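Written below as structure tokens is the structure these notes are about.
Just so it is clear, none of the values below were taken in a lab; they were calculated from the coordinates. Keep in mind it's a predicted model, so treat the numbers as computed, not measured. Note that each Cβ is placed from the backbone with ideal geometry, even for glycine, and that neighbours are counted across all protein chains shown.
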Amino acid sequence: MSRINPRLPFSLLLIAVIAATTACVDPGGRDTAAPAGPLRVVATTGMIADTAARIVGEHGTVNGLMGPGVDPHLYKASESDVRLLSDADLILYNGLFLEGKIGDILVKLARSRPVVAVSELIPEEMRREPPEFQGHYDPHIWFDVSLWIQTLGPVTDALVELRPEHEASFRSHADQLRAELEQLDSWVQGRIQEIPEEHRVMVTAHDAFGYFGERYGIEVVGIQGISTLAEAGLQDVQRVVDLVVERGISALFVESSVPRRTVEAVVAAARERGHEVMIGGELFSDAMGAAGTEEGTYPGMVRHNVNTVVDALTGNTGAPDHDS
Ligand SMILES: [Zn+2]
């Protein structure tokens, strides 16, 4: 059999995933053979895993497939990842074409357990649909904390359906997390306001920060597009160099899950034109930091990114780590 064409059939596959997901979370749509005992949840990205772990609490374990530095746009499941997925009681993924290369695996797994896109309840009018992303929505919803809060509902509901006896616990954990994230959202708004308006431009390796820019009022420019599947070309670099020089931008940002070379190329080319610009720090865009560090949690990753951007764009670099 020939392999599937990577373009159109993938969209169809994703539709199939969504359909399968809907069927799986439909009450009464599944048999009740789910094994009792601690839940085994597997999430694709670290952000989803951290969020789900907070809601599951002591009633199960959550494994994240994509560790620090892993680019979800390019991620392919290894053999051990497939084993982990096959043993899971519940699989959580971002959706909106973020995990573009594991759509077929998710379709297969959805036949025997719930496979839930955490983005499924985000209303269409709140989804960004950038023209350059070929009719797909922007998947980077975790950068708008108020949007990320909307993923708590589908995660909680999926857990409740599997373990109704723990419903009160799951819902109470979700309420606590929601309150924490609402505070975080306000904190981000306040910190971005500290950047003088004319300096509120964030240049990053790829176009991950569109939701962030819209929510918190900062212009965002990615050298690569929404997905890292397409490499940045010379034209992309030139376009950003022109912008950096013309606007007098003083700092650009690298991302932990994307090679630094395109950002470094912009810095070098801008300097050649006599414009001094520096790398303002590393952002955790599509992957979190190491487990056990502040950046290894979803709220910590948001705080790290915001502190890095605000410090660099206000000229306050080299400052010690912030408490939020
Ligand atoms: Zn991305």
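What to note about this one:
- Scanning region 222-231 for residues that are touching a residue at least 60 places away in the same chain (Cβ under 8 Å) and either at positive phi or crowded, with 21+ Cβ neighbours inside 10 Å (or both) turns up ILE226, SER227, THR228.
- SER119 meets all of the listed conditions (1) more than 13 Å from the ligand (Cβ to nearest atom); (2) within 27 Å of GLY37 (Cβ to Cβ) but one, namely (2).
- Subset of region 127-149 [without any contact (Cβ under 8 Å) to a residue 24 or more places away in the chain and either of a type in the set (A, V, I, L, M) or within 16 Å of the ligand (Cβ to nearest atom) (or both)]: GLU129, GLN134
- Check on LEU65, buried (at least 22 other Cβ atoms within 10 Å of the Cβ) and without any contact (Cβ under 8 Å) to a residue 40 or more places away in the chain: yes
- Residue count for region 173-221, restricted to those that are assigned to a helix (DSSP H, G or I), surrounded by 13 or more Cβ atoms within 10 Å (Cβ to Cβ) and of a type in the set (Ser, Thr, Tyr): 2
- Scan of region 156-172 for residues that are assigned to a helix (DSSP H, G or I) and touching a residue at least 60 places away in the same chain (Cβ under 8 Å), ordered by number: THR156, ASP157, ALA158, LEU159, GLU161, LEU162, HIS166, SER169, PHE170
- Counting only residues that are within 12 Å of the chain's Cα centre (by Cα) and away from the ligand (no atom under 13 Å from the Cβ), region 61-101 holds 2 of them.
- Qualifying residue in region 232-253 (condition: assigned to a helix (DSSP H, G or I), at negative phi and within 16 Å of the ligand (Cβ to nearest atom)): yes
- Residues in region 91-122 that are closer than 22 Å to HIS140 by Cα and not in a loop (DSSP other than H, G, I, E, B): ILE91, LEU92, TYR93, GLY103, ASP104, ILE105, LEU106, VAL107, VAL115, VAL116, ALA117.
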